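Colleague: There's a structure below that I have some questions on.
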Amino acid sequence: MARKGGAHLKSTGQAMEVTPSSGKRPDHQTQWVEEARPSKAPPSTPVKAKVKYALPGDIAADVRKAFIGTSYMREKMVITLTRAAEAYDRKRYEEALRLGRIVSDAVPGVAPVRELTGLAAYRADRWSMAKIHLRAHFTITDDPEHLPLVMDCDRANRRYRAVEKTFAELEEGEPTAEVLAEGRIVMASAWADQRMYKEAIELLTKAGATKQLRNPSYRHVRLWYALGDVFDRAGDTASAREMFARVVIAEPDAYDAQSRLADLGATAPPKNRKRRTTPVSKKRVD
């Protein structure tokens, strides 16, 4: 019954039954009782949409420019290369290789396409195919960055003369210190495969593998490990222990240095974390 029209209603029926509350005047003040309602559940966090993978604009433009065909097939090549790059980033190397070969066959003169296909083949242990694409990348760009991988492919196929030829080509160019160090590591490993331990040790020593550095860079750790491997294969256990110990001190989780050191019957000393109190020279050590 609405409160507004209640005053105009007259009862013509039988009187209401007497109750304990009859005869009492009701309170004119309306009392509102707040009802406890169940609190609403907080809104769920919206699921973030998956970020769409995209190629760098310059690479996509190079593919479109180099492809000869319809606009539909041109865009299809860009999509295929995008899928190949995404598969490589997700470490699905066989898939990346399969997709990369499709694009490289269509646009063989685009350097990033040959680079991606070659790296995928290398990760998939497809040595001959990796060499073809990485060598093509060097021919197009004249950038020696991946020549150590070309050397490693020939080493895997036991083509040691080809390894030496590529190494000479690498030295004649202008590689970075990291690239040159990788080339020396592969060359020394190839000589060690042929039991030419003296030549391998001499090459790595020349590269600075015997330097004791407080804060070694990545390439120095690599050189230490490579030299330790050559010493181990040559039967020089003491020198191998020293090299592997350096690796473990600098990077405890690097490669299998800890297990190899344990196999040689030694453990690495704890790293000295004492704070330096004398000024440090800012001269860069290569």
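Read-outs: derived from the displayed coordinates by stated rules, not from any lab. Remember, predicted model here, so these are calculated numbers, not experimental data. Here the Cβ is made from the backbone with ideal geometry for all residues, glycine too, and neighbour counts use every protein chain on show.
Colleague: Residue 256's amide H: which non-local residues (gap 5+, or another chain) put their own amide H closer than 5 Å, with H modeled 1.01 Å from N in plane and none for Pro or chain starts?
Modeller: none
Colleague: Of the options 68, 133, 78, report the single residue whose Cα projects farthest towards the positive end of the charge dipole of segment 53-141 (beta-carbon charges: Lys, Arg +1; Asp, Glu -1).
Modeller: Working it through, the farthest residue towards the positive pole turns out to be 133.
Colleague: I would also like to ask the following. Only sites in a loop by DSSP and with at most 15 other Cβ atoms within 10 Å count here; which trypsin sites (Lys or Arg not before Pro) in segment 162-224 make the cut?
Modeller: 195, 211, 214
Colleague: Relative to the Cα centre, what is the charge dipole magnitude of segment 53-141, using +1 at the beta carbon of each Lys and Arg, -1 at the beta carbon of each Asp and Glu, and rounding to the nearest 20 debye?
Modeller: It comes to approximately 160 debye.
Colleague: Among 220, 230, 240, which residue has its Cα furthest toward the positive end of the charge dipole of segment 198-242, with +1 on Lys/Arg Cβ and -1 on Asp/Glu Cβ?
Modeller: Going by the Cα projections, it comes out as 220.
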